[in-house]
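**Q** Right, I'll just put the structure down here and ask away after.
The values are calculated or read from the model by the stated rules, or taken from the named source; none is laboratory data. Source: prediction; values computed, not measured. Counting neighbours? That spans all protein chains shown, and the Cβs are built from the backbone with ideal geometry, glycine included.
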Amino acid sequence: MTTTVKTVRDLAVKKERREKITMLTAHDAAFGALVEQAGVDLILVGDSLGMVALGYDSTVPVTMAEMIHHAKAVRRGVKQTLLVGDLPFLSYQVEAREAIRNAGRFLKEAGCAAVKMEGGAEIAPILAAVVRAGIPVIGHIGLTPQTAGQLGGFKVQGRDAESAAKLAHDAQALASAGACALVLECVPALLARRISAELSIPTIGIGAGPHCDGQVLVTHDLLGLFTRFVPKFAKQYASLAGEAGAALAAFRREVEKGTFPAAEHSFGPLDE
């Protein structure tokens, strides 16, 4: 029987039982409700909303105010699923007190159960301080979109021995700092398998092969709603952008022709 994730501690139970963890993104109440109805373990209010919802070219411009706004909206549509807030660029890297304050906002104002932070061993002291403050943290290494410019762009990380060793070190550093789980993004499958086997905390892969303890995707990628580009690791389970475009165009044509609204869409004198 599959374990239902209710708290971050349940993530460790799923790893122990070798049950896969599922996580998807949402940035409004409607999508939050849909993801919850699908039975997904975790909902991430990801800073990817900067690109799929706000039209930014990257995640870097996303602010804490924007993240809290969207996290509060998702919470209104989600009743039970464990909700995770994504700390945006420069909301936690400067110093521990600022990181604690911003992470705490996700819990106090938006009802999140945990936060996510990008970075390796260099952020371990800050992550540890946030955990000591009583805030569960999910780490994120490999391709870290907030600092993709330093990594040479949106590229697979850990393909050579030196960078693979660094990622393995980063993973251990974040686990030792108290991370409750770790996202591995765009990491070779064999390296992800090694890291997953070495860690006591669960790993959640995105472009990291099948050996992680769980998987996450951006919901807009999964549904084929974000058409600017499609990452290699994103399987499209639907192509809703095309269907939505056709429906919108059909509405325009029917209004122009006068066929909408029809009688069944109109009210008579006795209608209430």
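**Q** Restricting attention to region 43-52, which residues are aliphatic (A, V, I, L, M), in contact (Cβ under 8 Å) with a residue 60 or more places away in the chain and in contact with a helix residue (DSSP H, G or I) (Cβ under 8 Å, 6 or more places away or on another chain)?
**A** Across region 43-52, the qualifying residues are Val45, Val52.
**Q** Of everything in region 218-243, what is buried (at least 18 other Cβ atoms within 10 Å of the Cβ) and hydroxyl-bearing (Ser, Thr, Tyr)? Give them in sequence order.
**A** If the condition is that a residue be buried (at least 18 other Cβ atoms within 10 Å of the Cβ) and hydroxyl-bearing (Ser, Thr, Tyr), then Thr219 is the only one that fits.
**Q** Only residues that are free of Cβ contacts under 8 Å to residues at least 60 places away in the same chain, closer than 18 Å to His140 by Cβ and among the aliphatic types (A, V, I, L, M): list them for region 101-116, please.
**A** Within region 101-116, Ala103, Val115 qualify.
**Q** For region 193-203, how many residues are touching a helix residue (DSSP H, G or I) at 6+ places or on another chain (Cβ under 9 Å) and either closer than 12 Å to Ile141 by Cβ or surrounded by fewer than 19 Cβ atoms within 10 Å (Cβ to Cβ) (or both)?
**A** Qualifying residue count for the region: 6.
**Q** Between a first residue in region 191-205 that is touching a residue at least 24 places away in the same chain (Cβ under 8 Å) and a second residue that is surrounded by fewer than 18 Cβ atoms within 10 Å (Cβ to Cβ), which pairs have beta carbons less than 6 Å apart while being 6 or more apart in sequence or on different chains?
**A** Partner pairs satisfying both residue conditions: Ile195/Ala168.
**Q** Also, I was wondering about something else. Tell me, which residue of region 194-237 that is closer than 16 Å to Gln172 by Cα and among the hydroxyl-bearing types (Ser, Thr, Tyr) is nearest to the chain's Cα centre (by Cα)?
**A** Thr203
**Q** Inspect all residues belonging to region 1-12 and state whether any of them is at pLDDT 95 or above, over 20 Å from Ser200 (Cα atoms) and out of contact with any Cys (no Cβ under 7 Å at 6 or more places or on another chain).
**A** Among the residues of region 1-12, not one is at pLDDT 95 or above, over 20 Å from Ser200 (Cα atoms) and out of contact with any Cys (no Cβ under 7 Å at 6 or more places or on another chain), which makes the answer no.
**Q** Considering only helices (runs of 4 or more DSSP H) fully contained in region 183-260, which possess at least 2 residues that are modelled with pLDDT of 95 or more and charged (D, E, K, R)?
**A** Filter on region 183-260 gives 189-198, 240-257.
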